[in-house]
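Q: Okay, here's the structure, questions in a sec.
Every number in this text was worked out from the coordinates using simple rules, so none of it is lab data. Since this is a predicted model, take the numbers as computed values, not measurements. A quick note on method: Cβ atoms are made from the backbone with ideal geometry, for glycine too, and the neighbour counts reach across all protein chains shown.
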Amino acid sequence: MPKLRNVAVVGFAQAPIVARDEHRIATEMLYEQVRAALAQCGVEREAIDYQAAGSADYLDGRPFGFVAALDVMGSWPAKADLHLEMDASFAAYYAWLRIQTGDSDTALVCGYGKTSEGEPERVLNLQLDPYYQAAIGLDPTSTAALQASAWMARTGATDRDLAALAARRRAAGARNPDAQLHDPASAEDLAQTPWAVEPLRRGYLPPVGESAVCLVLAAEGKAEKMCDRPAWIRGVDQRIELQTLGGRDLSRSAGAKLATERALAMAGLARAAEVDVVELCATTPAEECILCEAMGLDAAGARPAINPSGGPLAGNPLMMTGLIRLGEAFRQLAGRADGHGVAGARRAIAHGAQGHCLQHNVVWVLGDERRWT
Amino acid sequence: MSTSGPPKEPVKYVEKQLHLPYCYVAGDYKVRYLAALKDKTILGSKCSRTGKVFVPPIVASPESFAPCDELIPVADRGVVTTFCIVNIPVIGRSIELPYVAASVALDGADISIYALIQECAPADVRMGMRVEAVWKPDGERQGSHEDIIHFRPTGEPDAPLASFMHRL
Amino acid sequence: MIGRFLAGLKEDKRIWGQRVAGQGVVVPPVGYSETDGSAGGDWVEVKPTGVVTAVARVHRPIPHLHPCAEPFAFVLVKLDGADTALAHVVRDHLEQLRIGSRVEAVWAPDAERHGSIRDIACFRVIS
């Protein structure tokens, strides 16, 4: 493994996830978070070398809508900028990569979007190819249900298993002030909720949510000045899989498995279970179990703690749900997770995903110590 | 099984009709601006650091990155900074061709808005020309940009270039 | 490639796959290997019957998105002779549908086949 620059997450600000913020437009929501993240780091925008964001213009209903967000990201004097039509966790990956080149020491990573303004089921249909998959009307809940059914058939998992996992995440979410769902619900209650798309019940899925988030990355030398307890990135990898759902084994996530192996190797760890906290971008209990299997984790285990924030099942603001996982891992390692903090957490894994049925996965391994000396 | 393959002549197109409804939140900030239009008032937002006034209002100055919390009225008249004469039809717009689309810097504002110039020949429009808003009559204004029907020349002397150079 | 596959549905009610490096017989074909990017090889006709590998039951269809207004199921079907699964829908006898069910293609009438994946109107359970 070559020696890389030590880069850390040094700041993270998130608007609490809500079903619909009727008072502010997306850029107004984001401006507050950018200001808050910079304030955490004790710097002004001049201290930021690079910026990257993730959002989807189709979800925003504005062609080139991402340009408007530049106005609230501190982009002046003209900065090097990157926008991805992907979850902002992938923007964080490219920001990290940019810092590795040595031409930037610091980066802002933003995720935003008002999912409530459009109808995401229709928009995300367009993520599929127009000839075969979009043409039959597949939506993300239905593709997630296809995946859940394939996983249940292979493993023998039942409706009760999904309910039990969803209930655990709901209970965790109740301790996270930024989560959308704060009311715990028992597995029995959740198993009584109507089908969303069978085998997934509404109680097992997050409601539509929106937020705005800003995360700050900084290289060694600057990171220590911007944060008293930086969360050092010790390993990261991202892998994409086929777009054709029927061309892969939906009951497994080969991409998450490979990305985890590579990220762990970079971090010098043998197994994912060696970390204290794992935040997974899993928007159904089945996805979470598939990811745990891919990573070699026990979804029901106590250590490492999985999704102590409640995870996406307690709040899923599209295009930033993955970046929030990275932010939550930072909060845990920096001692900023308050009510949902995991005592003594020194290592964490954060996972981001994009596309139908976990098509694209990014896996981060973080720690309270630098990787390279 | 045959290995001849499907018909040689392919299907050439696949049609897709998109149905994508949206309902945009205006936001408390923009609502104040839109509501003021009903009263024939154009609001701008003032940068807390530089004092620059943005129309329509924005919450933060992209230039200074400081908040622009204060909303202040600007004039409903100003100066044509740049313009173009439109000779091609635009789908969904029924204005008689040719017409003038202009950038107008309202008095009291530091950036320009886009405006339709009417009530004069396109050839008579020029940089520096003074123009004013023509509002919909009382009772017909809805609190939208369409409350201003268009802008028209005021007949005042032209503004010198130096007076609007920084607002181009 | 996609156009010729669709022409096969429209004109002959026949389903063609393509032999592709690393993936076997791919149905529906895209003309290349999604795994290594190599060009697709020979055309291979597959049967209009196959086995269901995943089921998503839609109890409340979404207007202007889903293919019908009544409850239906999205399915992945591995057609006999294919190595990948086709995404499609089952509309009838949903109570008999499960992973492992045998299904067969139901064709749209001649006048309603326009060169689309929906020239296969749906699949129906046969066992």
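Q: Tell me the residue from A:Ser142, A:Ser149, A:Ser186 that is farther than 20 Å from C:Pro61 by Cβ and hydroxyl-bearing (Ser, Thr, Tyr), please.
A: Every option except A:Ser186 fails the conditions.
Q: Among the residues in the range B:43-66, are any more than 18 Å from the chain's Cα centre (by Cα), among the acidic types (Asp, Glu) and surrounded by 14 or more Cβ atoms within 10 Å (Cβ to Cβ)?
A: The answer is yes; a qualifying residue exists.
Q: While we're on this one: Quick check on the range A:141-156: of everything there that is surrounded by fewer than 22 Cβ atoms within 10 Å (Cβ to Cβ) and not in a loop (DSSP other than H, G, I, E, B), which residue is farthest from the other protein chains (Cβ to nearest Cβ)?
A: Selected residue: A:Thr155.
Q: Only one of these conditions is not met by C:Pro71: (1) more than 9 Å from every other protein chain (Cβ to nearest Cβ); (2) buried (at least 17 other Cβ atoms within 10 Å of the Cβ); (3) in contact with a Pro (Cβ under 8 Å, 6 or more places away or on another chain). Which number is it?
A: The number of the failed condition is (2).
Q: B:Ile149: part of a loop (DSSP other than H, G, I, E, B), of a type in the set (Val, Ile, Thr) and out of contact with any helix residue (DSSP H, G or I) (no Cβ under 8 Å at 6 or more places or on another chain), yes or no?
A: Spelling it out, it is not the case that B:Ile149 is part of a loop (DSSP other than H, G, I, E, B), of a type in the set (Val, Ile, Thr) and out of contact with any helix residue (DSSP H, G or I) (no Cβ under 8 Å at 6 or more places or on another chain).
Q: To continue, here is another question. Can you confirm whether C:Gly40 is farther than 17 Å from A:Val197 by Cα, touching a residue at least 60 places away in the same chain (Cβ under 8 Å), more than 9 Å from chain A (Cβ to nearest Cβ) and touching a strand residue (DSSP E or B) at 6+ places or on another chain (Cβ under 9 Å)?
A: Details: farther than 17 Å from A:Val197 by Cα: yes; touching a residue at least 60 places away in the same chain (Cβ under 8 Å): no; more than 9 Å from chain A (Cβ to nearest Cβ): yes; touching a strand residue (DSSP E or B) at 6+ places or on another chain (Cβ under 9 Å): yes.
Against the criterion (farther than 17 Å from A:Val197 by Cα, touching a residue at least 60 places away in the same chain (Cβ under 8 Å), more than 9 Å from chain A (Cβ to nearest Cβ) and touching a strand residue (DSSP E or B) at 6+ places or on another chain (Cβ under 9 Å)), C:Gly40 does not qualify.
Q: With respect to C:His88, determine if the residue is within 11 Å of another protein chain (Cβ to nearest Cβ) and more than 26 Å from C:Asp12 (Cβ to Cβ). Explain how you work it out, then say what you get.
A: Numbers: within 11 Å of another protein chain (Cβ to nearest Cβ): yes; more than 26 Å from C:Asp12 (Cβ to Cβ): no.
No; evaluated as a whole, the condition is false for this residue.
Q: Out of the strands (runs of 3 or more DSSP E) lying entirely within the range C:1-116, which hold 2 or more residues that are within 30 Å of B:Leu18 (Cβ to Cβ)? Give the steps one after another, and end with the answer.
A: Values: elements: C:15-20, C:24-26, C:43-46, C:49-58, C:72-79, C:86-90, C:102-107.
Correct list: C:15-20, C:49-58, C:72-79, C:86-90, C:102-107.
Q: On to the next question. Name the single residue, out of those in the range A:273-332 being more than 26 Å from A:Ala196 (Cα to Cα) and β-branched (Val, Ile, Thr), that is farthest from the chain's Cα centre (by Cα).
A: Going through the qualifying residues, I end up with A:Val275.
Q: Exactly one of these conditions fails for A:Ala163: (1) crowded, with 21+ Cβ neighbours inside 10 Å; (2) within 19 Å of A:Ala286 (Cβ to Cβ); (3) facing another protein chain (nearest Cβ under 7 Å); (4) not aromatic (Phe, Trp, Tyr). Give me its number.
A: (3)
Q: Let me ask another. Do we find a residue being in contact with a strand residue (DSSP E or B) (Cβ under 6 Å, 6 or more places away or on another chain) and of a type in the set (Asp, Glu) anywhere in the range A:271-286?
A: Yes; the residues of the range A:271-286 include at least one that is in contact with a strand residue (DSSP E or B) (Cβ under 6 Å, 6 or more places away or on another chain) and of a type in the set (Asp, Glu).
Q: Among residues belonging to the range B:20-34 that are assigned to a loop (DSSP other than H, G, I, E, B) and within 7 Å of chain A (Cβ to nearest Cβ), point out the one that is nearest to B:Ile72 (Cα to Cα).
A: Among residues in the range B:20-34 that are assigned to a loop (DSSP other than H, G, I, E, B) and within 7 Å of chain A (Cβ to nearest Cβ), the one nearest to B:Ile72 (Cα to Cα) is B:Val25.
Q: Something else about it: For the range C:47-68: of the residues being more than 7 Å from chain A (Cβ to nearest Cβ) and buried (at least 23 other Cβ atoms within 10 Å of the Cβ), which is farthest from A:Pro120 (Cα to Cα)?
A: Within the range C:47-68, the match that is farthest from A:Pro120 (Cα to Cα) is C:Gly50.
Q: When residues of the range C:87-119 are filtered for being crowded, with 18+ Cβ neighbours inside 10 Å, in contact (Cβ under 8 Å) with a residue 40 or more places away in the chain and out of contact with any Pro (no Cβ under 8 Å at 6 or more places or on another chain), how many remain?
A: 7
Q: Just to be sure I understand the filter: pairs with C-beta atoms under 7 Å, separated by 6 or more residues or on different chains, first member in the range B:74-101 and basic (Lys, Arg), second member not in a strand (DSSP E or B). Which pairs pass?
A: Matching pairs, first to second residue: B:Arg77/B:Asp107; B:Arg77/B:Thr154.
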